[in-house]
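What follows is a short report on a single structure.
The values are calculated or read from the model by the stated rules, or taken from the named source; none is laboratory data. Predicted, not measured: the structure shown is a model, and the values here were computed from it. Cβ sites come from the backbone with ideal geometry, for glycine too, and all protein chains shown count toward neighbours. Remember, those area values only see protein heavy atoms, side chains included, never the ligands or the DNA or RNA. Shrake-Rupley method; radii C 1.70, N 1.55, O 1.52, S 1.80 Å.
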Amino acid sequence: NPGAANATMNFKLEYRGFDGDLPGAPDQNSTTLTFQPVFPFKLRNGNNLIFRPALAYVWDQPSFDAGTGTFSSTDDFADIPFDLLYSWQDGAWTFGTGIVGSIPTDTGLSSENWLLGPSFLAVRTFDWGVAGLFPFHNERIGGSGPDTSITSLQYFLFYGLGNGWQIGTGPTMTYDWEADSDDAWTVPVQIAVSKTAVFGKQVVKFNLSAERNVVAPDAFAEDTTFTLTVSPVVTNPFQRTPPTPMDRAARTAALEPIR
């Protein structure tokens, strides 16, 4: 549940294979190591403010040189995506709204763009697991890179198998408003298996997934992605003692002078 108040240190290793009409496209692959901490801040009203930046290093990221008709590869840091989400509970539902964006790193793999846009979250927990939607949009607000306008939708559903095991899916489809209509959609399918384990007092979640794009740009795009994520659950170092949420009577008394 992306709206839950669990601080985690996510370490994600991804191996990507590519495909497309460009010569040599099926021979390309890359590896990415991402560190994404999740910092939830508990508010006095009982809701959560959640910040998730991501730092990624990529090996063998392919790029095509139209002049020579060949691919080259680059090892470097990628841009820094982030999202800031305000979330609240309503029975079995978790809702959230916030912003997403990306900060350019001025590296060999940087887009040289500042991105920003809105996000929304709706998650439903069941006796058997969890399901939800996380739509968001990234728009270029500055920088020297190409025009960027991308709408994304992460849909997820996980079923609990017992003893900390889950099976499900959680891919992200995208629509590129700057691309030709035939190449605008990227639609993946995914299967994922996760296990939550306890080592002493340390809770750790392991997630292994395989993903394939069933719709993607024709010339060149990711084809398959294999991901291993290790996520220790920790205490938020920036809020070690969350405030005690106000009850209704205390909230009314606090707001009375304002009224």
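Which of the residues that make up the range 201-222 are closer than 11 Å to Val189 by Cα and open to solvent by less than 50 Å² (accessible area, probe 1.4 Å)?
Ser209, Ala210, Glu211, Asn213
If you take the residues of the range 161-194 that are over 26 Å from Ala122 (Cβ atoms) and touching a residue at least 24 places away in the same chain (Cβ under 8 Å), which of them is most open to solvent (accessible area, probe 1.4 Å)?
Asp182
Can you name every residue in the range 1-60 that is open to solvent by 40 Å² or more (accessible area, probe 1.4 Å), in contact with a Lys or Arg (Cβ under 9 Å, 6 or more places away or on another chain) and farther than 25 Å from Phe77 by Cβ?
Ala5, Arg44, Asn45, Leu49
Which strands (runs of 3 or more DSSP E) does the range 1-87 wholly contain that include 3 or more residues that are within 17 Å of the chain's Cα centre (by Cα)?
7-19, 29-42, 48-53, 55-65
Just to be sure I understand, how many residues within the range 156-178 are within 18 Å of the chain's Cα centre (by Cα) and of a type in the set (Asp, Glu)?
Number satisfying all stated conditions: 1.
Out of (1) farther than 25 Å from Ala56 by Cβ; (2) open to solvent by 40 Å² or more (accessible area, probe 1.4 Å); (3) part of a strand (DSSP E or B); (4) not aliphatic (A, V, I, L, M), what's the single condition that is false for Thr94?
Here Thr94 clears every test but (2).
Quick one: count up the residues across the range 191-218 that are out of contact with any helix residue (DSSP H, G or I) (no Cβ under 7 Å at 6 or more places or on another chain), within 27 Å of Pro23 (Cβ to Cβ) and not in a strand (DSSP E or B).
Looking only at that region, the number is 1.
Can you name the residue in the range 61-91 that is hydroxyl-bearing (Ser, Thr, Tyr) and open to solvent by 30 Å² or more (accessible area, probe 1.4 Å) and is also farthest from Arg44 (Cα to Cα) among such residues?
So the residue we want is Thr68.
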